[in-house]
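The values are calculated or read from the model by the stated rules, or taken from the named source; none is laboratory data. Keep in mind it's a predicted model, so treat the numbers as computed, not measured. Positions of Cβ are backbone-derived with ideal geometry, glycine not excepted, and every protein chain shown enters the neighbour counts.
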Amino acid sequence: MSFFGFLKSKKAKKSSETGNDRGIFVFEHTSEVIRAESVLKTSGWKIRVMGPPPEIRSGCDLVIEFPLIEELNIVRTLWVAGISPRKVMPVSNTLLQPVDLFQIKDFGQYLMVRAANMKLTVEKKTLTIVNISGGGCPDVPYLAQEMVGKTLTKAPSPREIGHTLCGYALQLAYEEMKRKCSP
Amino acid sequence: MLAIVGTIPDQNFPLTTGKVTLKDNKICIRGKHIHVNRGTPALLAAAVKTAEALGQSEPFGYLIGDIGLGEGSRKLYEYLTGNLGQSDFSVLTFHYLQPDVDWHNRVLFAIEEMTKQPVLIADAGFMYAAKMSGQSAVYDLFTPDIGELAFLADEAAPHPFYTRGFILQDENPASDLIARAYKYKNAAQYLLVKGKEDCVANRQNILATINTPIDDAMEAIGGTGDTLTGIVTALIGSGMEIGDAAIAAAKINRLAGHYARPTPATQVIEIIHQIPGALQEILL
């Protein structure tokens, strides 16, 4: 690497660490964040779902962190998909990192995955979702109603029908379960 | 009388208030029948069963449909701010509501207007909002599971989804998490922690650890935490002291689960049916 290349990469790293080159999209509902994440990741943008900074927290929130310099292009991608962020702002604080720790419990005939406060249990032989537990946001009973009794492949994913952080946590458990159960 | 505030997983369920009964595995309120699966209907069903076994009157419900968009919760919050002040409930339990700090605080102001302050219990989404508001100590009882206890212990987390890994990891004993939750003023006067071992604590002590009978499958069954909150609500409503009620509720809930011979596929209504028998054995 040339000297200038070294300086450039050092500068880029520092800038990224302090968040100066990152912005966040704030949305009305968590379900819009989930949709936007899906659209932007499919389009190849390097974005992350994170917790909002304290000054804009209201309760059950997520934001999307994106490279600020690409704001216009990314907003355009969202508009085409019919998604409008409520607010766009630069990152000025350290953002909270969503949970990335999974606990796995093997019951023999059944397997349970826990992500944050959400637990998903399937019957190993049939891959049928037999229980969903934990959580405190109002979409949890709804998600359980729609998913329990169906197989992992036939059940709607929390990403499709969930709206809250608990729904998002269940999505993580659901993805981890699919990874565990894939041949 | 005790009142329970929560949501129904049906977007079209209107704001409904009234006494709640249980019939044919459904809770009934003002002629409406709701299937008991988990969430607030499971809490209400457990409270109804417990109150019935104790010879107490039916709980009062404040219910509305919400599937996570928060619209129902906000309507209910608004209704509560205008109506709770004139009510005279001895116990108020808040459950699956969209966490919203601003509305949470307005509801607390309405409660302050009540002539006699009720015992305040929070679980699920409302407990998240209570912690985030910094007013946990106003509450008499929180009923977190072990994951939610880690969230209460993490002074920086606004929701369990953001609980930091070093706090969330399995090796942390409940007693450490309880101490940390109290240290940062993120716990109610009493904590009833649901888990492999149930734990009842206050700021000073762990009052009891309840670990029998052990049925590992209970952890996987959706609604077993809701039934525990329903049982403790009804026990406190009958006049029991909060710590005693929490210990008895943990024993009753575990025993009811055990009587249902649970597997990870068991549904919570099967456990609710076992509450009267378990209550008889623990209390009478």
Next item on the list: Kindly state which helices (runs of 4 or more DSSP H) lie completely within segment B:54-169 and contain at least 2 residues that are over 18 Å from residue B:180 (Cβ atoms).
Entry: B:71-83, B:101-112, B:124-133
Checklist line | Subset of segment A:47-98 (residues that are among the basic types (Lys, Arg) and closer than 23 Å to residue A:169 by Cβ) | finding: A:48, A:57, A:86
Margin query: Here is a list: B:201, B:179, B:188. Which entry is part of a loop (DSSP other than H, G, I, E, B) and within 24 Å of residue B:156 (Cβ to Cβ)?
Written below: B:188
Check: For residue A:155, are the conditions met, namely being in contact with a helix residue (DSSP H, G or I) (Cβ under 8 Å, 6 or more places away or on another chain), outside the structural domain of residue A:61 (by TED's automatic domain parsing) and more than 24 Å from residue B:229 (Cα to Cα)?
Finding: yes
Next item on the list: State whether the residues of segment B:117-129 include one that is over 26 Å from residue B:47 (Cβ atoms), within 11 Å of chain A (Cβ to nearest Cβ) and among the small types (Gly, Ala, Ser).
Entry: no
Next item on the list: Tell me the strands (runs of 3 or more DSSP E) entirely within segment A:40-151 that contain at least 2 residues that are free of Cβ contacts under 8 Å to residues at least 60 places away in the same chain and among the charged types (D, E, K, R).
Entry: A:102-106, A:118-123
Checklist line | Count of segment A:152-183 residues which are under 19 Å from the mean Cα position of the chain (by Cα), in a loop (DSSP other than H, G, I, E, B) and modelled with pLDDT under 95 | finding: 4
Check: If residue A:13 satisfies every condition in (1) within 20 Å of residue B:132 (Cα to Cα); (2) at pLDDT below 85 but one, which is the exception?
Finding: (1)
Margin query: Checking residue B:27 against (1) within 18 Å of the chain's Cα centre (by Cα); (2) in contact (Cβ under 8 Å) with a residue 40 or more places away in the chain; (3) surrounded by 24 or more Cβ atoms within 10 Å (Cβ to Cβ): exactly one of these is not met. Which one?
Written below: (2)
Check: When residues of segment B:130-148 are filtered for being closer than 22 Å to residue B:249 by Cα and facing chain A (nearest Cβ under 10 Å), how many remain?
Finding: 5
Checklist line | Single residue of segment A:88-135 satisfying the filter (under 22 Å from residue A:64 (Cβ atoms) and of a type in the set (Val, Ile, Thr)) that is farthest from the other protein chains (Cβ to nearest Cβ) | finding: A:88
Item checked: Test for residue B:146: is it among the aliphatic types (A, V, I, L, M), touching an Asp or Glu at 6+ places or on another chain (Cβ under 6 Å) and under 20 Å from residue A:134 (Cβ atoms) -> no
Next item on the list: Specify the residue that is farthest from the other protein chains (Cβ to nearest Cβ); the eligible residues are those in segment B:68-79 that are over 18 Å from residue B:44 (Cα atoms) and crowded, with 18+ Cβ neighbours inside 10 Å.
Entry: B:77
Margin query: Just to check your reading of the model, which residue among A:56, A:47 is buried (at least 16 other Cβ atoms within 10 Å of the Cβ) and closer than 29 Å to residue B:101 by Cα?
Written below: A:47
Checklist line | segment A:19-46, subset among the aliphatic types (A, V, I, L, M) and more than 14 Å from chain B (Cβ to nearest Cβ), residue nearest to residue A:169 (Cα to Cα) | finding: A:36
Next item on the list: From (1) facing another protein chain (nearest Cβ under 9 Å); (2) buried (at least 18 other Cβ atoms within 10 Å of the Cβ), pick out the condition that doesn't hold for residue A:152.
Entry: (1)
Note to self: Looking at segment B:187-208, can you tell me whether even one residue there is buried (at least 16 other Cβ atoms within 10 Å of the Cβ), basic (Lys, Arg) and under 22 Å from residue B:242 (Cα atoms)?
What the structure shows: yes
